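First comes the structure, then the notes that go with it.
The values are calculated or read from the model by the stated rules, or taken from the named source; none is laboratory data. Because the structure is a prediction, the values reported are computed rather than measured. In this analysis, Cβ positions are derived from the backbone assuming ideal geometry, glycine residues included, and neighbour counts consider all displayed protein chains. Note: accessible area is taken over every heavy atom of the protein model, side chains too, but ligands, DNA and RNA are not part of it. Shrake-Rupley method; radii C 1.70, N 1.55, O 1.52, S 1.80 Å.
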Amino acid sequence: MLEPDILHFDIPGGDRRLACYRWGDAKAARTVICVHGLTRNGRDFDFLAERLAQDYQVLCPDMAGRGQSQWLKDGSLYTNNTYIADVMYMLGKLSLTRVHWVGTSMGGIMGMMAPSVLPGLIDALVLNDVGCLIPASGLARIREIADLPTSYASRAEAETAFRGRCKYFGIEGEAQWRHLLKYGVEERDGRFAFTYDPAIFSAGFSKDTPLTDISLWPLWEAVKPIPTLLIRGAESDILPRETAVEMQARHPDLTLHEIIGVGHAPALMDEKQITLIQDWLRARN
């Protein structure tokens, strides 16, 4: 596998630097931005990005507190509003005014937010296992993850825990697991830790905060003019099938694709999933 260029962006007025992996030709006519989920990082998209780089410049940022991006001093700022502002700053620095957007889970929520923040930015939207209603039951599972350790005495312990937390991704090949582990576990202060700040759960997943269904339907009106591919893990607890079907009914140009035997969220690393996204985007160029 080729290696991407690594870009860094100093966020003004903040205390952090944002890392972003760039694949393909920086002068390409079109750009795809791939945004990861809550505990993940931009290297999740390496397999997909390397393929999409045949046609596009592909940008895969590490959101604040993940991967090579700096941690925030104030954990309460780990919010979608912070993340979307950071991405908008990055795109502005690169003079990009139109992109295709691929978002997994949290990255998909950001993709649904973006049309309201900057109308006309997104030409085509791929939502990976997230939608307009997030059930409290799915949020409860994420809160359980927030309470688990993120640092271990040995690499073997850390990798076993990592595989357990990612078991719903539908990963079958050992090469894919090794890739995720390479960028998901690091040695830190003599221990082996996941490559994210545990404080990313501070906003919204506190034990003192009652969990209720989250409705994102108010965002949908701004998304409706954008061609959308909605990918759903058939066993997902974050995107119920009835929500996906209703999203399709309310959208004039939405393609729904379900992946059997996968939960939250499809890894977008195997050949069928990569080809699905590549072909769908090519049809909308």
Of the convex hull drawn through the C-alpha atoms of region 138-204, the volume per residue in Å³ is 86 Å³
Looking only at aspartates and glutamates whose Cα falls under 19 Å of Lys272's and that sit 8 or more positions away or on another chain, we get Asp44, Asp46, Glu50, Asp55, Asp129, Glu172, Glu174, Glu235, Glu258
Note to self: with every protein chain in place and a 1.4 Å probe, the chain gives an accessible area per residue in Å² of 43 Å²
The whole-number value in µm²/s of the Stokes-Einstein translational diffusion coefficient for region 111-261, with Rh from the Kirkwood sum over alpha carbon pairs at 37 °C and 0.692 mPa s, is 187 µm²/s
Per the rule of 0.36 nm per residue minus the C-alpha distance, extending Arg165 to Asp208 adds in nm 13.2 nm
FRET efficiency (Thr275, Arg241; Cβ distance; R0 25 Å; to 0.05) is 0.60
For Ser69, other-chain or 5+-apart residues with amide H closer than 5 Å (H placed, Pro excluded) are Ala19
For region 109-115, Karplus-derived ³J(HN,Hα) couplings (6.51, -1.76, 1.60; θ = phi - 60°; whole Hz; x for glycine and proline) come out as 4, 4, x, 6, 6, 4, x
Cα-only Rg/Rh for region 174-274 with Kirkwood Rh rounds to 1.05
Ser116 and Glu3 label points (each 7 Å along its Cα→Cβ direction) are spaced in nm at 4.1 nm
Along region 163-171, Karplus-curve 3J(HN,Hα) (6.51, -1.76, 1.60; θ = phi - 60°) to the nearest Hz, with x for Gly and Pro, reads 4, x, 6, 9, 5, 8, 5, x, 7
Sorted by chain and then number, the residues having a modelled amide H within less than 5 Å of the amide H of Gly233, at least 5 places away or on another chain, are Asp129, Ile259
With a Förster distance of 30 angstrom and the Cβ-Cβ distance between Met88 and Lys224, calculated FRET efficiency to the nearest 0.05 equals 0.90
The ratio Rg/Rh over the Cα atoms of the chain, Rh being the Kirkwood inverse mean 1/r radius, stands at 0.93
Sequence order, region 139-145: Karplus ³J(HN,Hα) from phi using 6.51 cos²θ - 1.76 cosθ + 1.60, θ = phi - 60°, Hz rounded, Gly and Pro as x, gives 5, 5, 5, 5, 5, 5, 4
Looking only at lysines whose Cα falls under 23 Å of Lys207's and that sit 8 or more positions away or on another chain, we get Lys73
Summing -39500 (n - 2.57) over every DSSP H run of at least 4 in the chain, dividing by its residue total and rounding to the nearest 500, the 222 nm mean residue ellipticity is -9500 deg cm²/dmol
Of the accessible area of the chain, computed with a 1.4 Å probe and all protein chains kept, carbon and sulfur make up a percent value of 51 percent
Most packed first (mean Cβ within 10 Å per residue), the peptides 165-176, 110-121 order as 110-121, 165-176
In this structure, the FRET efficiency calculated for Asp25 and Glu172 from their beta-carbon separation, with R0 = 35 Å, to the nearest 0.05, is 0.65
Output ordering of 132-143, 193-204 (per-residue mean of other Cβ within 10 Å, highest first) is 193-204, 132-143
Here, Lys73 and Gln248, labelled 7 Å along Cα→Cβ, have an inter-label distance in nm of 4.9 nm
Taking alpha-carbon centroids only, region 19-83 lies from region 124-139 a number of Å equal to 19 Å
Bridge orientation stat for the chain from DSSP, antiparallel percent rounded to 5, came to 45 percent
Taking placed amide H atoms and a strict 5 Å upper bound, the residues 5 or more places from Leu216 or on another chain that come that close are Leu133, Ile134
